[in-house]
Every structure is written in C-alpha cells, then in structure tokens.
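What follows draws every value from the coordinates through simple rules; no lab data is involved. These numbers come from a predicted model, not from an experiment. As a convention, Cβ positions derive from the backbone with ideal geometry for all residues, glycine included, and neighbour counts pool all protein chains shown.
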Amino acid sequence: MYKGIEIIGLPVVEINTGRVLGEVEDIIFSEFDGLVKGFVIRNKNKYFLETHNINRIGEDAITVLSQDLLKPWEEHNTVEENEQTFQTLNNTIFGERVMTTSGKEVGKVKDLIIDENKNSVIGFELTEGVIQDLLEGRNLLPLSNNLIYGQDTLLLDEEGV
C-alpha cells in the first residue's frame with residue numbers, strides 16, 4: 001500500500017532513454033469503485049498517464065516504456081466517463097471535510113490510501129488537527145458505498161462511521 005502524497009511529485013522516467021518526462025501532479029480515481037484511472041503529469045504542458053501504461057511505481061520514480069504513453073490533458077480532462085464520476089486528490093478531495101449525515105464532523109481528508117496490487121483507493125486518511133494527530137494519530141475512513149461526494153463536503157451515512 002502507498003499514500004497519494006508519496007506519489008505526488010514523483011518524476012516520470014522513460015525507461016529506454018532515462019529522460020524525465022514530467023512530474024506527478026495529481027491522482028484520478030473512480031468515485032464508484034475507487035479504481036485509480038491514472039495520473040496527471042506536468043512538465044511544460046499537462047498530460048494524462050493511464051495506470052495500465054505504467055511500467056512500475058517505485059519509491060523514487062514512476063517508469064514508463066515510452067513518452068508516447070503520455071496523452072495531452074485536453075484529450076482526457078473529462079470528469080465523467082461512461083456514467084462514472086472521477087475525483088482527484090489535489091483538486092477535489094484533499095482538505096475536504098468529512099461529515100456524517102447527522103451533521104457530525106469526523107475530520108478532513110489528508111491523503112488517499114492506495115492498494116498497489118489492485119490499483120485502487122481503499123480509503124482516506126483523515127486528520128482532526130495537528131494536536132489531535134500527535135495525540136491519537138490519524139483515522140482511516142475505508143472507501144464505501146456509504147460515502148457521498150458532495151460539492152464542499154464528503155458525507156458519510158451513520159453506518160459508515
């Protein structure tokens with residue numbers, strides 16, 4: 001397992017040339033099943049790298065076989081595809097409040113937890129503030145059907161807490 005924060009900022013390296021093609025700017029995943037669709041890559045321009053085109057996600061870099069696997073962002077910047085809605089860590093989820101449907105705040109999203117074998121988000125790391133994090137640690141909110149991705153808040157059915 002790895003955290004989203006460990007992936008953001010990694011260089012993307014082409015294996016055949018050793019050339020750095022860009023840096024991971026964001027992670028795109030499905031709201032429905034948590035499947036990681038791909039990564040937003042930034043150099044001078046913005047690109048999309050589908051998960052299945054990755055050779056390996058390493059500790060210090062993501063490797064790909066060819067630069068041709070990076071697609072221009074304009075071709076892939078859709079939020080909905082085949083009636084699925086996709087979320088991104090940096091642009092939509094990071095820092096969002098998580099609250100129950102009865103109005104109790106349970107924390108803010110600090111990170112994604114990703115299962116590298118399944119390439120899917122298994123949950124969200126929540127923070128309740130620096131002092132609370134130091135005293136008790138952070139909580140893990142498993143990805144579930146009880147989660148509603150609101151415009152400003154993630155809502156959790158009482159059974160999901």
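For TRP73 and ARG97 in the same chain, what is the full-extension length gain: residue separation times 0.36 nm, less their Cα-Cα distance, in nm? Present the calculation step by step, with values, prior to reporting the outcome.
Working: separation 24, 0.36 × 24 = 8.64 nm, distance 2.82 nm.
Contour length minus Cα-Cα distance gives 5.8 nm.
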(request) Return the FRET efficiency for the residue pair ASN16, ASN117: r is the Cβ-Cβ distance, R0 is 25 Å, and the value is rounded to the nearest 0.05. (result) 0.45
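Can you give the helix-only mean residue ellipticity at 222 nm for the chain, where every DSSP H stretch with n ≥ 4 adds -39500 (n - 2.57) and the sum goes over all residues, rounded to the nearest 500 deg cm²/dmol?
Values: 2 runs with 11 residues, N = 161.
Rounded to the nearest 500, the figure is -1500 deg cm²/dmol.
Treating the beta-carbon of each Lys and Arg as +1 and of each Asp and Glu as -1, no other charges, what is the dipole magnitude of segment 2-88 about its Cα centre, to the nearest 20 debye?
Values: 8 positive and 16 negative charges, 76 e Å.
Around 360 debye, computed over segment 2-88.
Quick one: order PHE94, PHE39, PHE32 by neighbouring beta-carbon count within 10 Å, fewest to most.
On the way: PHE94 19, PHE39 29, PHE32 12.
In increasing order of surrounding Cβ atoms, one gets PHE32, PHE94, PHE39.
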(message) Per residue of segment 100-110, what does 6.51 cos²θ - 1.76 cosθ + 1.60 with θ = phi - 60° give for ³J(HN,Hα)? Whole Hz please, x for Gly and Pro, Karplus curve as stated.
(response) 7, 5, 8, x, 8, 7, 10, x, 10, 5, 9
(request) With semi-axes √(5λ) of the Cα gyration tensor in Å defined as stated, name the option among (i) 30, 17, 13; (ii) 42, 14, 13; (iii) 23, 21, 17 computed from the structure displayed. (result) (i)
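Just give me a number: lysine pairs in the chain, eight or more positions apart or cross-chain, with C-alpha atoms less than 15 Å apart.
Details: LYS3/LYS110; LYS3/LYS118; LYS37/LYS71; LYS37/LYS118; LYS44/LYS71; LYS46/LYS71.
Going through the chain pair by pair, I get 6.
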(message) Could you check the spin-label model distance between MET1 and LEU35? Points 7 Å from the Cα along Cα→Cβ, value in nm.
(response) 2.2 nm
